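Peer 1: Sharing a structure below in structure tokens format, with a few things to ask.
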Amino acid sequence: MSGPLAGIRIVELAGIGPAPFACMMLADHGAEVIRIERPDAKRGGPGGDPAKDILLRSRKTIAIDLKSAAGIGVVRDLVASADGFVEGFRPGVTERLGLGPDVLLGTNPRLVYGRMTGWGQDGPYAQAAGHDINYIALAGALHAFGRAGEKPTPPINMVGDFGGGAMMLAFGMVSALLHARTTGQGQVIDCAMTDGAALLMSMIWSFRGQGLWRDERGVNLLDSGAHFYDTYACADGKYVSIGAIEPQFNAVLREKAGLTADPAFDRQMDPRGWPALKEKLAAVFATRTRDDWCAILEHTDACFAPVLSLAEAPAHPHNAARGTFVEAGGVIQPAPAPRYSVTPTTTPQMAGERTDTENVLAEIGYTTAAIAALKTGGVVA
């Protein structure tokens, strides 16, 4: 394995969404991640095709029956050899399985035990079901997403599941792993998507505290309120993005768009004029196609980029030059990020339909006879 986390072993209890993404990131950066699935999990069946599931890339899989005492024993043996453990169940579930923090850290005091939930391990909502949209709603983030006079618009599930959840957990795991290596002391990470989504809004809270942000949608600097920070439709129905905040960049935009002579644009930061200026700018962008505007504005300081679809993004010259997207197992997908000058990230490898059960158990000391007995008893598959 390559990457700065080479030599780190993480055990992952199979789940969906943010916990797998966090483990994908750890694997991307060199950790050996072993994913535990149920023996009856339909790999490649109606629940999804593991060969095309990007969130499952670059790790091993072992199938264990967690409803059996013998299966729980296998998990404990596996975790005893690990640096980290990740689970994404409701609070109390792993304790009832016999895989709670007290048990696993009792065996492996250096273990970093990562817990991924929406609401957190405690609090009035802790045991309630929920999804990204609910977590970012309670965090105060969802209220900020949307245009003036319209209802809140969920930004798909980037803010709760992946930004406030998975990436916070990956950061927490690495931080706690560093602490464990220094001190020999493991610990539990309580990663709640609501907490993480709130944290991602730190700059907006800062603006609000300074009187620079109104607590309503679509009227502020960064939420489509300003004419110089928005998307615009072109003559062909495609869109461009503009983010010309700084005066010098806004001047370039005005010059390239032929708006230098219009004195109304001189009062860039006066919110009272934003609606009218937005109408003017929209009319200008509607006169040309997106490709026309790319020819005019790309590679300038107008803070411009075309709005690309998922189908278009991998082929854009900038993304192609940097290798922002890669193909693995016939699936186009984002490449690991960020990048390192010395320890390159792992080349993505897609999951297969078979598990790595026998190899993983052999690595932690199980004999061929012991593995065969577990298989015969249905404990592993």
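Peer 1: Quickly run through the range 159-173 and pick out the residues that are buried (at least 24 other Cβ atoms within 10 Å of the Cβ) and touching a strand residue (DSSP E or B) at 6+ places or on another chain (Cβ under 8 Å).
Peer 2: Within the range 159-173, Gly165, Ala166, Leu169, Met173 qualify.
Peer 1: Then there's this: Can you pull out the helices (runs of 4 or more DSSP H) entirely within the range 76-185 that have at least 2 residues that are in contact (Cβ under 8 Å) with a residue 60 or more places away in the chain and in the same structural domain as Gly15 (by TED's automatic domain parsing)?
Peer 2: 101-107, 132-138, 167-183
Peer 1: Quick one: is Leu142 in contact with a helix residue (DSSP H, G or I) (Cβ under 8 Å, 6 or more places away or on another chain), closer than 23 Å to Arg9 by Cα, surrounded by 21 or more Cβ atoms within 10 Å (Cβ to Cβ) and not small (Gly, Ala, Ser)?
Peer 2: no
Peer 1: Test Ala283 against the criterion of being in the same structural domain as Ile36 (by TED's automatic domain parsing) and either more than 21 Å from the chain's Cα centre (by Cα) or of a type outside the set (Asp, Glu) (or both), and give yes or no.
Peer 2: no
Peer 1: For residues in the range 199-219 being assigned to a helix (DSSP H, G or I) and in contact (Cβ under 8 Å) with a residue 40 or more places away in the chain, which is farthest from the chain's Cα centre (by Cα)? Break it down stepwise before answering.
Peer 2: From the range 199-219, those assigned to a helix (DSSP H, G or I) are 199-200, 202-209; that's our starting set.
Going one step further and asking which of them are in contact (Cβ under 8 Å) with a residue 40 or more places away in the chain, we end up with 200, 204.
Values: Leu200: 12, Ile204: 20 Å.
So, considering only residues that are assigned to a helix (DSSP H, G or I) and in contact (Cβ under 8 Å) with a residue 40 or more places away in the chain, the one farthest from the chain's Cα centre (by Cα) is Ile204.
Peer 1: Ok, one more. Out of (1) within 21 Å of Thr357 (Cβ to Cβ); (2) free of Cβ contacts under 8 Å to residues at least 40 places away in the same chain; (3) under 24 Å from the mean Cα position of the chain (by Cα), the odd one out for Lys60 is which?
Peer 2: (2)
Peer 1: Here are some conditions: (1) over 24 Å from the mean Cα position of the chain (by Cα); (2) buried (at least 19 other Cβ atoms within 10 Å of the Cβ). Leu111 meets all but one. Which one does it not meet?
Peer 2: Every listed condition holds for Leu111 apart from (1).
Peer 1: Moving on to the next point. If Glu363 satisfies all but one of (1) within 23 Å of Leu26 (Cα to Cα); (2) within 29 Å of the chain's Cα centre (by Cα), what's the number of the condition it fails?
Peer 2: (2)
Peer 1: Let me ask you something else. Can you tell which of Gly120, Gly130, Gly140, Gly149 is farther than 24 Å from Asn220 by Cβ and out of contact with any Ser or Thr (no Cβ under 7 Å at 6 or more places or on another chain)?
Peer 2: Only one candidate passes the filter, namely Gly130.
Peer 1: In the range 327-348, which residues are loosely packed, with under 15 Cβ neighbours inside 10 Å and either under 17 Å from Phe21 (Cα atoms) or of a type outside the set (A, V, I, L, M, F, W, C) (or both)?
Peer 2: Result: Glu327, Gly330, Ile332, Pro334, Ala337, Pro338, Arg339, Tyr340, Ser341, Thr343, Pro344, Thr347.
Peer 1: Another question, then. Which of the residues that make up the range 244-255 are closer than 20 Å to Val307 by Cβ and crowded, with 17+ Cβ neighbours inside 10 Å?
Peer 2: Going through the range 244-255, the residues closer than 20 Å to Val307 by Cβ turn out to be 244-245, 249-250, 252-253.
Ala244, Phe249, Asn250, Val252, Leu253 - these are the residues of the range 244-255 that are closer than 20 Å to Val307 by Cβ and crowded, with 17+ Cβ neighbours inside 10 Å.
Peer 1: Taking the range 173-185, which residues are over 13 Å from Leu5 (Cβ atoms) and in contact with a helix residue (DSSP H, G or I) (Cβ under 9 Å, 6 or more places away or on another chain)?
Peer 2: Matches in the range 173-185: Gln185 only.
Peer 1: Determine the pairs where a residue that is in contact (Cβ under 8 Å) with a residue 60 or more places away in the chain and in a loop (DSSP other than H, G, I, E, B), located within the range 24-39, has a partner that is surrounded by fewer than 23 Cβ atoms within 10 Å (Cβ to Cβ) and acidic (Asp, Glu) with Cβ atoms under 6 Å apart, the partner being 6 or more residues away or on another chain.
Peer 2: Listed pairs, sorted by first residue: Pro39/Asp65.
The values are calculated or read from the model by the stated rules, or taken from the named source; none is laboratory data. It should be emphasised that the depicted structure is a prediction, and the values quoted were computed from it without experimental measurement. A quick note on method: Cβ atoms are made from the backbone with ideal geometry, for glycine too, and the neighbour counts reach across all protein chains shown.
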